[in-house]
Amino acid sequence: MPVQGSGPGPDRPALRAVLPAPAPSSAPAPAPKVLSPVNGSAPKDHTAAHHAPARDLPAAGTGTPTVASAVRGEASLLLVRAEPDPAPTEAGELDAVMDGVATLIHQEIERCGGTVVFSLHALTLALFPADPADPDDTEYPLRAARAATALRAALTASPARADAPVAARTELRTAVATGAVLVSQSLGGSRPPRVYGATVKECEALLALATPDGTHVCDRTRQETREHFAYEEIPGAPVRWKLLGPIDPEPSDDDAHHRELDLLQGVMTHSNRWSQPHLITVLSTEEAPRRRMLDKLGDFAGSALDGAQVLSWNGRDAAEAGPFGLHRRIISRFSGLSKSDPPWAVRRKVSAAVQRLDAGKSCINWLVARCTSVLETSNRSPERLGAEEWRDVWRYFLEAVAHDGPIVLIIDDLHLEDTATRELVGLIARLPVRIPLTVIAGAAPELLRHADWSSDRRFATTVLLDRPSDDELACSDEDCLPVQ
């Protein structure tokens, strides 16, 4: 006997397939009974029961997104926060300014191949997906970076200019993240897509740390677009980069310095293979070719030297960090420190970095104390120690962090640095230790006037990218001081 209330299912066929069919009869089937409501009598007209009007079902292909329409794919996200600075006090004026800003943002995003998926007052999120028709499409991060650059050029223009796109000064913060996203599209395609996933959260985190002076991008976005845009690494966690601007077109083959590049790449490979510290000095009277060479050497270290730890430093970093900035940057970078770390966290992270050193506890404690004393230095010189003791500090510290991979230090504008920074670079390049360490110094030829850059190194290579004048190589008695 079938259970009352059960219905057909995978293991239970429909009842009409189980019960025998009724015998044929010539008598007419009895009329169905009309049930009366519990609290009332039966309708007077049994042949015309009253029913509520039926609702029309939604047409197929419309409605909200469903799970079936969500697709995971690779894409870049551009998150924009743009608001007038200062904000107008009158509501009507504020509405007009924000409408103009929003219109410009939408136009630039669509012009660069993106789609606005979210917009609320000052916040806009744009999606730059990989082309589904082109399985080899890898330029979606480039499209997002170009959109961020175009927005910055348009919205940060002076409102006093006649061709200014908006009539108010705009404070702009932008962030670009690249990775896998879940895109949910409405079945009818009439609504903007929705995006979900860890890449969205990463983009939000980048925007929260972004400043008005540049676009912050994730490490993957930088890797995918580094041939087109210049970047500056931002210390701290998470790993992020500031977009500086487009890279100038590559020079002609006659000026590309291919032979010099091949030579220096071979030197870096040799230093890594034999764990031999080596100093590379790249000299040029012009900044552009020198910086291109340093960028190429940095890219080579990241791609060809397994697990390379690359630290870059230039004159802009020195101006922002102040005295002994490079000293602090080296320890902070290789200890994984951030600016918000309290003193106890700084000591714990530095201690963890040097624990891999094969030394006794007293030596470890001494090294941690010396390194943290450098980090506590801002505008004064570090603790006064002898030259040999400071040499041992850097020797043991770099020997410990080299367990994580080859170390490559790239210091540009060394001729403009102070004496403490030049002494540090020279000291590190001469360390008596067998570790994979390459120090790359970029400078103008006037650096050769300093005697400590002449012949006091056994493992050193100097490359001149252009022919310096006799005046640039001249050495006066004041400049050429003997090495103490």
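So here's what we get for this one:
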| item | result |
| --- | --- |
| Solvent accessible area, Å² - W366, 1.4 Å probe, full protein context | 60 Å² |
| Entries in K242/K339; K201/K296; K339/K361 that, when Cα-Cα distance is taken, lie over 25 Å | K201/K296; K339/K361 |
| Gain upon complete extension [R111, T419; 0.36 nm per residue less C-alpha separation] | 105.9 nm |
| Accessible surface ranking that places the most exposed of K201, K349 first, with a 1.4 angstrom probe | K201, K349 |
| Segment S373-T211, length gained on full extension (0.36 nm per residue, minus Cα span) | 55.3 nm |
| In Å², nearest 10: area of H403 left accessible to a 1.4 Å probe | 120 Å² |
| Solvent accessible area, Å² - D306, 1.4 Å probe, full protein context | 140 Å² |
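The values are calculated or read from the model by the stated rules, or taken from the named source; none is laboratory data. No experiment lies behind these values; they were computed from the predicted model shown. Ligands, DNA and RNA are excluded from the accessible area calculation, which covers all protein heavy atoms including side chains. Shrake-Rupley method; radii C 1.70, N 1.55, O 1.52, S 1.80 Å.
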